[in-house]
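Student: Pasting a structure here, questions to come.
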Amino acid sequence: MSPDAKGMAVPPQLALIHKLGSLQPHTWSTGLILRGAALLGLADHLADGPRTGAELAEATGTHPPSLARFLRACAMVGVVERVGSDSYALAETGRLLVSDGPSLRAFVIAVNGPGLMRPWEQVDQALRTGRSVAVDTLGTDLWSYYARHPAEAFQFLESTIPVSRLTALLLTSLIDLSGVGTVVDVGGCPGVMLADLLDSLPAARGVLLDLPAMIPHAEKIIGSHPAADRITFTGGDFLASVPEGGDLYLLKHILGDCDEDAARTVVGHCFAAGAPGSRLLLVDWVTSDEPSFAQVTDIDAMVCCGGRIRTGPELIEMLAEAGYRQVRRLAVPGQENDPLAIIEAVRP
């Protein structure tokens, strides 16, 4: 037996329980608590100031005693903070879930939803076989699952909007896109990046290619965007073909969801569809020896899609092998150490 602080012997079983906290066994529940708070719209209901538990239960249509217990859990993870004996106010994390304005509400709903969470139940099987376990846990591949669960698919697409907006801003600041007449966004739902790019290219038109089940969601998300009338929405499968005639092809966070054969196939289709002089812009997470969330995203890609987050040099080599020339990774000022790569390539 090991001694405790008072020198008394501690049974091995008790010592083991004491060490349990170091494993942070309930960390997984933080995301699910955030998801629950986001689905209930707690942040919106608290945006104008503190409210009592009873008022929140009425506003959210929930069982008051159950919500009281849930609010205590929300306080533990920083969504709310207790004010007085029975009132709650928004805490710092909770402010990120307010739906009006820049928000991560859709993100916490989507990444903690069944489609992206359930495959992790069999992560050991994915590690043994090297393939996605989506079929084993969801009954079908992830994208077919989303086709059968349109509400969850819409939440997933909403979750990608902040990164899509940032990417469009980066692309327009880093690259001279003058002279581009047609932009083809491959696997481009929700369409926000394409629409924002077209804002800076008033004479250009866009083609958004994605699975047929995703197209109605994109039309809803960007239907009121000023550039929406210059976008052609095309249902299809980029593993079969991509639209021809683009001056600029976009691949944002596509290859990470693909195994080696699929990744090379979609890059090859982009190469074949583009005319000489057309460009490909590849935007994806990358891994390196530096620790980052991309290393966890890599496992997520494995279990959910059978994909892989690659290194920057691997992506550059893949484009060069497809026939592209002048392949280069663009430097993003202030984000040199971020695990995001923007790679430009030219079709000879």
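The values are calculated or read from the model by the stated rules, or taken from the named source; none is laboratory data. This one's a predicted model, so the numbers in the text were calculated from it and none came from an experiment. Every residue, glycine as well, gets a Cβ built from its backbone with ideal geometry; the counts of neighbours run over all protein chains shown.
Okay, residues lined up against (1) surrounded by 13 or more Cβ atoms within 10 Å (Cβ to Cβ); (2) in the same structural domain as HIS253 (by TED's automatic domain parsing); (3) more than 20 Å from ALA262 (Cβ to Cβ):
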| position | (1), (2), (3) |
| --- | --- |
| TRP120 | yes, no, yes |
| GLY130 | no, no, no |
| VAL135 | yes, no, no |
| PRO150 | yes, no, yes |
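Student: Applying the selection to the range 56-81, what residues are in contact with a strand residue (DSSP E or B) (Cβ under 9 Å, 6 or more places away or on another chain), surrounded by fewer than 19 Cβ atoms within 10 Å (Cβ to Cβ) and part of a helix (DSSP H, G or I)?
Tutor: The initial filter retains those residues of the range 56-81 that are in contact with a strand residue (DSSP E or B) (Cβ under 9 Å, 6 or more places away or on another chain), namely 56, 59, 71-72, 74-75, 79-81.
Cutting the leftovers down to surrounded by fewer than 19 Cβ atoms within 10 Å (Cβ to Cβ) gives us 59, 72, 75, 81.
The answer is ALA59, ARG72, ALA75.
Student: Still on this structure, please answer the following. Taking the range 282-331 as the search range and keeping residues that are in contact with a Gly (Cβ under 7 Å, 6 or more places away or on another chain) and hydrophobic (A, V, I, L, M, F, W, C), which one is nearest to HIS269 (Cα to Cα)?
Tutor: Result: ALA322.
Student: If you go through the range 171-196 one residue at a time, how many are surrounded by fewer than 17 Cβ atoms within 10 Å (Cβ to Cβ) and either in contact (Cβ under 8 Å) with a residue 40 or more places away in the chain or part of a helix (DSSP H, G or I) (or both)?
Tutor: Taking the range 171-196 first, the residues surrounded by fewer than 17 Cβ atoms within 10 Å (Cβ to Cβ) are 172-176, 178-179, 181.
After this cut, where a residue has to be either in contact (Cβ under 8 Å) with a residue 40 or more places away in the chain or part of a helix (DSSP H, G or I) (or both) as well, the list is 172-175, 179, 181.
Qualifying residue count for the region: 6.
Student: What residue, of ASP289, ASP237, is over 14 Å from the mean Cα position of the chain (by Cα), among the charged types (D, E, K, R) and either closer than 24 Å to ALA153 by Cα or surrounded by 21 or more Cβ atoms within 10 Å (Cβ to Cβ) (or both)? Before you say what the answer is, go through the steps one by one.
Tutor: Details: ASP289 fails: either closer than 24 Å to ALA153 by Cα or surrounded by 21 or more Cβ atoms within 10 Å (Cβ to Cβ) (or both).
Exactly one residue qualifies, and that residue is ASP237.
Student: Being in a loop (DSSP other than H, G, I, E, B), among the β-branched types (Val, Ile, Thr) and without any contact (Cβ under 8 Å) to a residue 60 or more places away in the chain is the filter here, so list the residues in the range 93-144 that pass it.
Tutor: Going through the range 93-144, the residues in a loop (DSSP other than H, G, I, E, B) turn out to be 96-104, 112-113, 130-133, 139-141.
From the residues that got through so far, the ones that are among the β-branched types (Val, Ile, Thr) too are 98, 133, 140.
Hits for the range 93-144 are VAL98, THR140.
Student: Of the conditions (1) in a helix (DSSP H, G or I); (2) of a type in the set (A, V, I, L, M, F, W, C); (3) at pLDDT 95 or above, LEU20 fails just one. Which one is it?
Tutor: (3)
Student: Just need a number here: residues in the range 82-98 that are surrounded by fewer than 17 Cβ atoms within 10 Å (Cβ to Cβ), within 29 Å of the chain's Cα centre (by Cα) and farther than 11 Å from GLY53 by Cα.
Tutor: Kept after step one, since they are surrounded by fewer than 17 Cβ atoms within 10 Å (Cβ to Cβ), are these residues of the range 82-98: 82-86, 89, 92, 95.
Restricting the remaining residues to those that are within 29 Å of the chain's Cα centre (by Cα) gives 89, 92, 95.
Then drop every residue that is not farther than 11 Å from GLY53 by Cα, which leaves 92, 95.
So the count comes out to 2.
Student: Taking SER85 as the residue in question, decide whether it is assigned by TED's automatic domain parsing to the domain that holds ALA37, over 29 Å from PRO162 (Cα atoms), outside any loop (DSSP other than H, G, I, E, B) and small (Gly, Ala, Ser). Show your work before the answer.
Tutor: Details: assigned by TED's automatic domain parsing to the domain that holds ALA37: yes; over 29 Å from PRO162 (Cα atoms): yes; outside any loop (DSSP other than H, G, I, E, B): no; small (Gly, Ala, Ser): yes.
Judged against the criteria, SER85 is not a match.
Student: Filter the range 312-342 down to residues that are among the hydrophobic types (A, V, I, L, M, F, W, C) and either outside the structural domain of LEU250 (by TED's automatic domain parsing) or within 16 Å of the chain's Cα centre (by Cα) (or both) and give me whichever is surrounded by the most Cβ atoms within 10 Å (Cβ to Cβ). Talk me through it step by step, then tell me what you get.
Tutor: Initial filter on the range 312-342 (among the hydrophobic types (A, V, I, L, M, F, W, C)): 315-316, 318-320, 322, 327, 330-332, 340-342.
Adding the requirement that they be either outside the structural domain of LEU250 (by TED's automatic domain parsing) or within 16 Å of the chain's Cα centre (by Cα) (or both) leaves 340-341.
Details: LEU340: 18, ALA341: 21.
Once the filter is applied, the top-ranked residue is ALA341.
Student: In the list ALA59, ALA73, ALA54, which residue meets the criterion of being in contact with a Lys or Arg (Cβ under 9 Å, 6 or more places away or on another chain) and either of a type in the set (Gly, Ala, Ser) or more than 14 Å from ARG35 (Cα to Cα) (or both)? Walk me through it before giving the result.
Tutor: On the way: ALA73 fails: in contact with a Lys or Arg (Cβ under 9 Å, 6 or more places away or on another chain); ALA54 fails: in contact with a Lys or Arg (Cβ under 9 Å, 6 or more places away or on another chain).
Step by step, each of ALA59, ALA73, ALA54 is checked, and only ALA59 is in contact with a Lys or Arg (Cβ under 9 Å, 6 or more places away or on another chain) and either of a type in the set (Gly, Ala, Ser) or more than 14 Å from ARG35 (Cα to Cα) (or both).
Yes/no matrix, rows are residues, columns are (1) modelled with pLDDT of 95 or more; (2) under 25 Å from VAL346 (Cβ atoms); (3) touching a Gly at 6+ places or on another chain (Cβ under 6 Å):
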residue	(1), (2), (3)
ASP199	yes, yes, no
LEU208	yes, yes, yes
ALA213	yes, no, no
HIS225	yes, no, no
ILE231	yes, yes, yes
GLY235	yes, no, no
PRO243	yes, yes, no
ASP247	yes, yes, yes
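Student: Then there is this: So which residues in the range 295-311 are farther than 19 Å from GLU121 by Cα and either surrounded by fewer than 21 Cβ atoms within 10 Å (Cβ to Cβ) or more than 15 Å from the chain's Cα centre (by Cα) (or both)? Step through it out loud before you land on a result.
Tutor: The first filter runs over the range 295-311 and keeps only residues farther than 19 Å from GLU121 by Cα, leaving 309-311.
Result: ARG310, THR311.
Rundown of residues vs (1) touching a Ser or Thr at 6+ places or on another chain (Cβ under 9 Å); (2) β-branched (Val, Ile, Thr); (3) at pLDDT 95 or above, yes/no style:
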{"position": "GLY268", "(1), (2), (3)": "no, no, yes"}
{"position": "GLY277", "(1), (2), (3)": "no, no, yes"}
{"position": "VAL286", "(1), (2), (3)": "yes, yes, yes"}
{"position": "PHE293", "(1), (2), (3)": "no, no, no"}
{"position": "MET302", "(1), (2), (3)": "yes, no, yes"}
{"position": "ILE309", "(1), (2), (3)": "yes, yes, yes"}
{"position": "ILE342", "(1), (2), (3)": "yes, yes, yes"}
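Student: If I ask for residues that are in a helix (DSSP H, G or I) and closer than 18 Å to ARG82 by Cβ, which ones from the range 37-55 would you list? Let's see the steps before the verdict.
Tutor: Step one: list which residues in the range 37-55 are in a helix (DSSP H, G or I), which gives 37-40, 42-46, 53-55.
Selection gives ALA37, LEU40, LEU42, ALA43, HIS45, LEU46, GLY53, ALA54, GLU55.
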